[in-house]
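The next block holds one structure in the form of structure tokens; read it before the comments.
The values are calculated or read from the model by the stated rules, or taken from the named source; none is laboratory data. Remember, it's a predicted structure, so these values are computed and weren't measured experimentally. In this analysis, Cβ positions are derived from the backbone assuming ideal geometry, glycine residues included, and neighbour counts consider all displayed protein chains.
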Amino acid sequence: MIYLGKLVNTHGLKGEVRIISDFKYKSQVFKKGSHLFINDDELVINTYRPHKEYDMVTFDGITNIDDVLKYKGKKVYIKKEDYNFDGILNEDLIGLPVYGDGKLLGIVTDVYKNVNQELIEVDNDILIPYVPVFIKNISKEKLEINVIEGLLK
């Protein structure tokens, strides 16, 4: 399962919910007919609309606020096998060895978004901006970076 975001609140009385998500490929996920998973429940998107920083969703068969209140504050997931994304998922980077100038620098432990960009965290306290100037090559076996002066301690 891939983490999509968090259902932060309800909206109105007809079962619409607010999801906050910074998922890279959410335009491929947030559409009618997509399956989302909250707790152990599989829900199918009926409608979608963006609103401010939220992704507003209604689900098939749910037309009342009382039916979605139990999901408030819960994490939302998708099944990876349900989608064919155009690029690499952040989840796929975790565990990859990171090389710079042909030397092993460590293993990717996390990828997260700060205010300006995504950062790749390497297990020995290295943070690499996930932008083209720093990323040389990504494969299923390794991540190669351009080591720029000041990047490494």
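Side notes on the structure shown:
- Answer residue from segment 109-125, given it is of a type in the set (Val, Ile, Thr) and under 16 Å from the mean Cα position of the chain (by Cα) and is surrounded by the fewest Cβ atoms within 10 Å (Cβ to Cβ) among those: Val115
- Subset of segment 71-104 (residues that are exposed (fewer than 13 other Cβ atoms within 10 Å of the Cβ), more than 28 Å from Asn146 (Cα to Cα) and either free of Cβ contacts under 8 Å to residues at least 24 places away in the same chain or among the β-branched types (Val, Ile, Thr) (or both)): Glu81, Asn84
- Positions within segment 142-153 being in a loop (DSSP other than H, G, I, E, B) and within 17 Å of Leu96 (Cβ to Cβ), in sequence order: Lys142, Asn146, Val147
- Selected residue (only one of Ile148, Ile138, Ile128 is free of Cβ contacts under 8 Å to residues at least 40 places away in the same chain, β-branched (Val, Ile, Thr) and surrounded by 13 or more Cβ atoms within 10 Å (Cβ to Cβ)): Ile128
- The set of residues in segment 109-141 that are of a type in the set (D, E, K, R) and in a loop (DSSP other than H, G, I, E, B) comprises Asp123, Asp125, Lys140, Glu141.
- In the set (1) touching a strand residue (DSSP E or B) at 6+ places or on another chain (Cβ under 7 Å); (2) at pLDDT below 95, Glu16 fails one condition alone, (2).
- Single unsatisfied condition, Asp123 versus (1) in contact with a strand residue (DSSP E or B) (Cβ under 7 Å, 6 or more places away or on another chain); (2) among the charged types (D, E, K, R); (3) within 24 Å of Ile19 (Cα to Cα): (3)
- Of note, Asp55 does not satisfy the criterion of being modelled with pLDDT under 95 and either surrounded by 14 or more Cβ atoms within 10 Å (Cβ to Cβ) or at negative phi (or both).
Residue-by-condition table, conditions (1) part of a loop (DSSP other than H, G, I, E, B); (2) under 16 Å from the mean Cα position of the chain (by Cα); (3) more than 30 Å from Lys140 (Cα to Cα):
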site	(1), (2), (3)
Gly5	no, yes, no
Leu13	yes, no, yes
Gln28	no, yes, no
Asp55	no, yes, yes
Thr63	yes, no, yes
Glu81	no, yes, no
Tyr99	no, no, no
Ile107	no, no, no
